[in-house]
1. Mean residue ellipticity at 222 nm from the helices of the chain, using -39,500 (n - 2.57) per DSSP H segment of n ≥ 4 over the full residue count, to the nearest 500 deg cm²/dmol?
2. Once you have the Cα-Cα distance between R245 and A75, take 0.36 nm times their residue separation minus that, and quote the gain in nm to one decimal.
3. So if each residue of separation counts as 0.36 nm, and I subtract the Cα-Cα distance between E62 and S41, what length gain in nm does that give?
4. Distance cut-off 26 Å, Cα to Cα: go down the list K45/K204; K60/K96; K60/K204 and report the pairs above it.
5. Rounding to the nearest 20 debye, state how big the charge dipole of region 7-53 is about its Cα centre with +1 on each Lys and Arg Cβ and -1 on each Asp and Glu Cβ.
6. Can you list the residues, at least 5 places off or on another chain, whose amide H is less than 5 Å from the amide H of E70, using H built in the peptide plane?
7. What nm value, rounded to one decimal, do you get for the distance between Q26 and S273 when each label is placed 7 Å out toward the C-beta?
8. For L117, enumerate residues with amide H under 5 Å from its amide H, sequence gap 5+ or separate chain, H modeled in the peptide plane.
Amino acid sequence: MTNLLIAGASKAGKTVYGAQFYLRTQAGAALTSKGEAEDLSIFHKAIEAIAHGRKPERTKDEESRTLTLEVSDAAGRTTEMLWPDYAGESFADLLKRRVFTEEWLTRVKDATGLLLLIRPEVTAMPADALKSRRKGQGRKSTTTSSSPSADEKVQDHLVPLLPDAQYVEWVQMMRHLRGEGRLERSRWPLVVLLTCWDELKDPKTPAEVLQHKCPLLASYLRGIWAPEALAIYGVSALGQAFDDRKGHVNTTFLAERPERQGYVICPTGAQDSDLTLPVAWLLKRLHDHQD
Ligand SMILES: Nc1nc2c(ncn2[C@@H]2O[C@H](COP(=O)(O)OP(=O)(O)OP(=O)(O)O)[C@@H](O)[C@H]2O)c(=O)[nH]1
Ligand SMILES: [Mg+2]
């Protein structure tokens, strides 16, 4: 049984990628699944929305569920996969509260592989963010008076943790929960999936984008992860940006056929229409390691 931990902050694209991944396994890809999944409820709304060219809704806490899917690879090896989908807030919550529910602990300990989704365009902090904060710019004012409130003064003393650093911290927490030593090389199969690739201007290879947008995470992974257990992919699950207005129908997307939309960027930088490749890499790594 392959139990994947799918992780990513809110709006990272977890549900859209999951829904597109599922649809591709039905239509002949590196990974294929026979028959329909028993309980498709986690992706049902997203699949419906995408099929009608509408923006999918965000996952609500009470909608957290795990899809069980049997997939076969090109070598004919069959794996039962558990694909959890949950509200992205629980990712941020772990960082904020540092309290783990039993559910999360089990999820992390049982996970045979990790798929970490990062949306580079909303992850990178503007280079001058800290500078402008020092100058007092960019402060959200909740009062009409020109002098800052007590709350704002406290806020000014809190240096915001860069999203990049938060990913490092999150990965460290996961390793800790799994009982890995701080300096031990991690052999836990990991795919970093850089989402919404179509939003990037002048992208190069996924590893270069990670280095550029999340330098702390890139260097942490280089230092601690066994290179053969790590792969960095890019993905554009929709192939284009959706007009996010509620109910708006994205006609160009529909005209170009939803089932043909989307692509993956392989570690080499090559583009491929098979959206299942990053997960196929994880499963291959797991199989090879078992053999
Ligand atoms: N440009 C572009 N936008 C995308 C793509 N995939 C998803 N999006 C947009 O990103 C938004 C968030 O995607 P979701 O899959 O709902 O994100 P999520 O990680 O499940 O978010 P939560 O449910 O809030 O945790 C969607 O409203 C889409 O419009 C893509 O490939 N390209
Ligand atoms: Mg979601």
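Derivation of every value follows stated rules applied to the coordinates shown; laboratory data play no part. Source: prediction; values computed, not measured. All Cβ positions, glycine included, derive from the backbone under ideal geometry; neighbour counts span all protein chains shown.
1. Details: 12 runs with 111 residues, N = 291.
Only helices count here, giving -11000 deg cm²/dmol.
2. Computed gain between R245 and A75 is 56.9 nm.
3. Numbers: separation 21, 0.36 × 21 = 7.56 nm, distance 1.21 nm.
Stretched out fully, the E62 to S41 stretch lengthens by 6.3 nm.
4. On the way: K45/K204 33 Å; K60/K96 19 Å; K60/K204 34 Å.
The pairs that break the limit, which is 26 Å between Cα atoms, are K45/K204; K60/K204.
5. Values: 5 positive and 4 negative charges, 47 e Å.
The calculated dipole for region 7-53 is roughly 220 debye.
6. M81
7. Distance between the two pseudo-spin positions: 1.8 nm.
8. So L117 has HN proximity to A7, G8, L193.
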